[in-house]
Amino acid sequence: MSRELWKGNEAIAEAAVRAGLEAYFGYPITPQTEILEYLSRRMPKLGRAFLQAESELGAINMVYGAACTGARVMSSSSSPGVSLMMEGLSYIAGTEVPAVLVNVMRGGPGLGNIAPAQGDYNQAVHGGGHGDYPRIVLAPASVQEAIDLMALSFDLAEKYRMITMLILDGSVGQMMEPAEMPEMRSPNRKKFDWATDGALNRDRRVLSSIYLDPLAEEQTNFRLMQRWKEVMANEVRYKEYFLEDAEIVIVGFGTAGRVSLSAVRAARERGIKVGLLRPVTVSPFPYEVLDRLTGQARTFLVVEMNTGQMLEDVRLAVRGRVPVAFYGRTGGVVPFPDEILDEIQRINTEPVSAEADPRQSWLDRMTAIKA
Amino acid sequence: MTIAPNNLVYDRPEAFTDMPTHYCPGCTHGVAHRLIAEVLDEMKVIDRTIGVAPVGCSVFAYNYFDTDFVEAPHGRAPAMATGIKRVLPDRIVFTYQGDGDLASIGMGEIVHAAARGENLTVIFINNANYGMTGGQMAPTTLPGMKTTSSPDGRDVETQGYPIRMAEMLSTLEGVGYCVKRSLHDPKNIRLAKKAIRTAFETQWRGLGFSMVELLSTCPTNWGMTPVNSLKFVEEHMVPAYPLGDYKITDPIKQIKV
């Protein structure tokens, strides 16, 4: 396959088709609507299910229903729409069926705006729906990476009977880049021993998230956490850049990581020993590599397009052994490499206090600039 | 005791499991369940049927039918059923929903499933209150009817008017079969059975969305004996929710059941 110019959202849609997507249910919302539009053209031609639902509530419950049959199914949305889907996600998790959801994140909270943001990290990684449930969250930083992670997300969801979310900010969804598509995989519905597809020549099956007996629900939650342990052991993915001798380690995912890389290159040209760790799986989070880097770095700098959400996971990994600084732009603002370069240079010349609250220090600087 | 086959006049449908139901004495959920099970038996579709249970008193419907079953979030059964049917168009998919589930929290899902003409069958139990949570006011609660959340009786000035679902949905193009029946006496139960059969036949032949609304009792939450609650359906529910065929398209009229 040759490299072609692909728009992020359309690339995701085509990559899902090629990964054997059998059914898509969605609802229009900027900046992800091209996924819906693309699949509305593509899926019916292939004899596969496409449906524009009446709402995100409808869409995620259609996904839930199709997932119960064992079909490869996904939905996509953007921040406010994903909030509406949280009910369904919790049920899907509690029923232990595989499903894929793409969140092309925009500025928030509330209606916010349609500019790129990463404010849904906590919702995706730590919370969202009610109850205890783990989920796999992948964070691509380019169109090519989004394509590559699409097929993986279905495989992981099915392997672990778990939700896999792809979180990317609006810029990855909207930008066009040269990228290579994988070969078309034919949809080949697996014969799962749990799928409710009609009890032909077998005993009937029930799929439900109800465990009325608290002890049974507790066992279910234990089971989910045991499975999560396997995910943590086997599925952590990240990219390392210039880390071999790095004294300052930047941690950033998605676009924030990508912009940071430009800043790292510029800082390297100025002789600063700085590197970048870009988590690809933000859940499971790469705690182990951060632990290792803690022995090497004198300071971490977390860069995000939110007010410091992944920051807390980094702090948990670093456990106060070295200072952690934070730089973020939020509300739909994408940082320029220069801003991050300034941060790197500041950290390089003025040591960061281990006692300072990184978010407060950042906020003080940001609001002082504005004032 | 074994009954000789030639003496057997009434047996458990094959589409039922052996589990006794959890429904209150006098509740008509059991009757509605049995009618569905008899229809699945008659149509010989037990092994190709997927039921979608709601949230409400019938949340455990999946325990009683010997078919594949899933359990939907509150009100979302038509959306889940849509997802199933769209990837398995040759299966029978039905939802079983109460009035809180279908006419309140799930209003969006039911209207759009009907408008799209999804080839689904919906069995809608209207007993004018939220049974499982202890008898709160539902969109279907009659004016003046006392419930635990309308203790002075439903005041239409502040709490609005009942919603007539069969009538409403029958206005939609995608609907093939939409009727209202009652379960308050044997004659009406027989008519209900026929309607349920027609609804499933509608789906089997791909003739569009089908729904049977069933007026039902809730003796426990209504504070009535089972017999009085049947009378209440006849005297108060039927006048407020007139029984009838609200929409039957021509091809469905040709179906003989």
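The single residue among B:87, B:93 that is open to solvent by less than 10 Å² (accessible area, probe 1.4 Å), β-branched (Val, Ile, Thr) and closer than 23 Å to residue A:53 by Cβ turns out to be B:93.
Quick check on my filter: what residues within region B:98-115 are out of contact with any Phe, Trp or Tyr (no Cβ under 6 Å at 6 or more places or on another chain) and either buried (at least 24 other Cβ atoms within 10 Å of the Cβ) or facing another protein chain (nearest Cβ under 8 Å) (or both)?
Of region B:98-115, the ones out of contact with any Phe, Trp or Tyr (no Cβ under 6 Å at 6 or more places or on another chain) are B:98-99, B:101, B:103-113, B:115.
Correct list: B:98, B:99, B:101, B:106, B:108, B:109, B:110, B:111, B:112, B:113.
Applying the criterion of at least 3 residues that are open to solvent by less than 10 Å² (accessible area, probe 1.4 Å) to the helices (runs of 4 or more DSSP H) found wholly in region B:160-256 leaves B:165-169, B:186-204.
Yes/no per residue for (1) touching a residue at least 12 places away in the same chain (Cβ under 8 Å); (2) closer than 25 Å to residue A:197 by Cα; (3) surrounded by 23 or more Cβ atoms within 10 Å (Cβ to Cβ):
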| residue | (1), (2), (3) |
| --- | --- |
| A:2 | yes, no, no |
| A:5 | yes, no, no |
| A:41 | no, no, no |
| A:65 | no, yes, yes |
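Return a yes/no flag: does region A:177-198 have any residue that is hydroxyl-bearing (Ser, Thr, Tyr) and within 14 Å of another protein chain (Cβ to nearest Cβ). For region A:177-198, residues hydroxyl-bearing (Ser, Thr, Tyr) and within 14 Å of another protein chain (Cβ to nearest Cβ): present.
Take residue A:88 and decide whether it is in the same structural domain as residue A:205 (by TED's automatic domain parsing) and under 22 Å from residue A:130 (Cβ atoms). Yes. For region A:7-25, enumerate the residues that are over 21 Å from residue A:155 (Cβ atoms) and either open to solvent by 30 Å² or more (accessible area, probe 1.4 Å) or within 14 Å of chain B (Cβ to nearest Cβ) (or both). A:7, A:10, listed by residue number.
If the requirement is being surrounded by fewer than 19 Cβ atoms within 10 Å (Cβ to Cβ) and not acidic (Asp, Glu), which of these qualifies: B:148, B:141?
Working: B:141 fails: surrounded by fewer than 19 Cβ atoms within 10 Å (Cβ to Cβ).
Residue meeting the stated conditions: B:148.
Yes/no matrix, rows are residues, columns are (1) at pLDDT below 95; (2) at positive phi; (3) β-branched (Val, Ile, Thr); (4) surrounded by 20 or more Cβ atoms within 10 Å (Cβ to Cβ):
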{"residue": "B:8", "(1), (2), (3), (4)": "yes, no, no, no"}
{"residue": "B:13", "(1), (2), (3), (4)": "no, no, no, no"}
{"residue": "B:33", "(1), (2), (3), (4)": "no, no, no, yes"}
{"residue": "B:36", "(1), (2), (3), (4)": "no, no, yes, yes"}
{"residue": "B:43", "(1), (2), (3), (4)": "no, no, no, no"}
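Scanning region A:71-86 for residues that are part of a loop (DSSP other than H, G, I, E, B) and either facing chain B (nearest Cβ under 9 Å) or open to solvent by 10 Å² or more (accessible area, probe 1.4 Å) (or both) yields A:71, A:72. Of all residues in region B:45-78, those satisfying the criterion of being buried (at least 24 other Cβ atoms within 10 Å of the Cβ), closer than 18 Å to residue A:63 by Cβ and more than 8 Å from chain A (Cβ to nearest Cβ) are B:75, B:77, B:78.
Hey, any hits in region A:359-369 for a residue that's buried (at least 22 other Cβ atoms within 10 Å of the Cβ) and either outside the structural domain of residue A:110 (by TED's automatic domain parsing) or under 25 Å from the mean Cα position of the chain (by Cα) (or both)?
First, pick out the residues of region A:359-369 that are buried (at least 22 other Cβ atoms within 10 Å of the Cβ): none.
No, region A:359-369 contains no residue that is buried (at least 22 other Cβ atoms within 10 Å of the Cβ) and either outside the structural domain of residue A:110 (by TED's automatic domain parsing) or under 25 Å from the mean Cα position of the chain (by Cα) (or both).
Looking at region A:87-101, can you tell me whether even one residue there is over 27 Å from residue A:196 (Cβ atoms), surrounded by fewer than 24 Cβ atoms within 10 Å (Cβ to Cβ) and over 13 Å from the mean Cα position of the chain (by Cα)? Checked region A:87-101: no residue is over 27 Å from residue A:196 (Cβ atoms), surrounded by fewer than 24 Cβ atoms within 10 Å (Cβ to Cβ) and over 13 Å from the mean Cα position of the chain (by Cα).
Taking every residue in region A:327-345 that is surrounded by fewer than 21 Cβ atoms within 10 Å (Cβ to Cβ) and pairing it with any residue that is in a loop (DSSP other than H, G, I, E, B) and polar (S, T, N, Q), at least 6 positions away or on another chain, the pairs with Cβ-Cβ distances below 7 Å are A:330/A:306; A:330/A:307; A:332/A:113.
Given the condition aromatic (Phe, Trp, Tyr), touching a Pro at 6+ places or on another chain (Cβ under 8 Å), within 13 Å of chain B (Cβ to nearest Cβ) and under 21 Å from residue B:51 (Cα atoms), answer yes or no: does some residue in region A:34-54 qualify? No - not one qualifying residue is present in region A:34-54.
The values are calculated or read from the model by the stated rules, or taken from the named source; none is laboratory data. All figures in this text were calculated on a predicted structure; none of them were measured in a lab. Glycine also receives a Cβ, built like all others from the backbone with ideal geometry; neighbour counts cover every protein chain displayed. Remember, those area values only see protein heavy atoms, side chains included, never the ligands or the DNA or RNA. Shrake-Rupley method; radii C 1.70, N 1.55, O 1.52, S 1.80 Å.
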